[in-house]
Amino acid sequence: MHHNVFTNNPTVPIDVKDRSISELMDGMLKTGFQGRKLAESVQAWHNMLKEKNMTVFMGLSGAMVPAGMRRVISYMIREKMIDCLVSTGANLFHDSHEALGKKHYVGSIWLTMKNFSITAWIGYMMSLQWKRSSELQTT
């Protein structure tokens, strides 16, 4: 009988119970979608940390700073969990924005185009303010 490669590893639902984070990650290796991807990433990172003379690069893309991950990233750098951070310019801008005491806000899928236009205008005005304050600091 011919067996399809896709039917060799069925998903296994996670039991809801008290457990350590590492036990949760082990269980998520047998789930689908992002749960499994998270567990695979943790497993790869764990394996890297066990290696001697390993240089750990972290790619930072997407809006991770506005999503609230700024302190997690800085913790990882401070604790030497990563050696090199490669980031998009947008994340650098977002980090500078928060370093100046500015905030990012939780959005909503219910935002209308009218609200979005106002929000976009406010964002544009804030970027002009940030640009002016940067120019003042360099003169």
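The values are calculated or read from the model by the stated rules, or taken from the named source; none is laboratory data. For clarity, every value in this text was computed on a predicted model and none was experimentally measured. Glycine also receives a Cβ, built like all others from the backbone with ideal geometry; neighbour counts cover every protein chain displayed.
Yes or no, residue by residue, for (1) more than 30 Å from Met126 (Cβ to Cβ); (2) more than 17 Å from the chain's Cα centre (by Cα):
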{"site": "Asp15", "(1), (2)": "yes, yes"}
{"site": "Met25", "(1), (2)": "yes, yes"}
{"site": "Val65", "(1), (2)": "no, no"}
{"site": "Ile73", "(1), (2)": "no, no"}
{"site": "Ser87", "(1), (2)": "no, no"}
{"site": "Asn91", "(1), (2)": "no, no"}
{"site": "Ala99", "(1), (2)": "no, yes"}
Practice problem: Tell me, please, whether a residue that is in contact with a strand residue (DSSP E or B) (Cβ under 8 Å, 6 or more places away or on another chain) and surrounded by 10 or more Cβ atoms within 10 Å (Cβ to Cβ) can be found in the stretch 9-31. | Solution: no
Quiz prompt | Residue satisfying all of: in the stretch 32-47; under 25 Å from Met76 (Cα atoms) and either over 19 Å from the mean Cα position of the chain (by Cα) or among the small types (Gly, Ala, Ser) (or both); surrounded by the most Cβ atoms within 10 Å (Cβ to Cβ) among these | solution = Ala39
Self-check item: Residue list for the stretch 1-29, restricted to those being charged (D, E, K, R) and more than 26 Å from Met81 (Cα to Cα)
Solution: Asp15, Lys17, Asp18
Quiz item: Mind checking which pairs have a first residue in the stretch 49-63 that is more than 13 Å from Lys80 (Cβ to Cβ) and a second that is hydroxyl-bearing (Ser, Thr, Tyr) and at pLDDT 90 or above, Cβ under 7 Å, 6 or more apart or different chains?
Solution: Leu60/Ser87
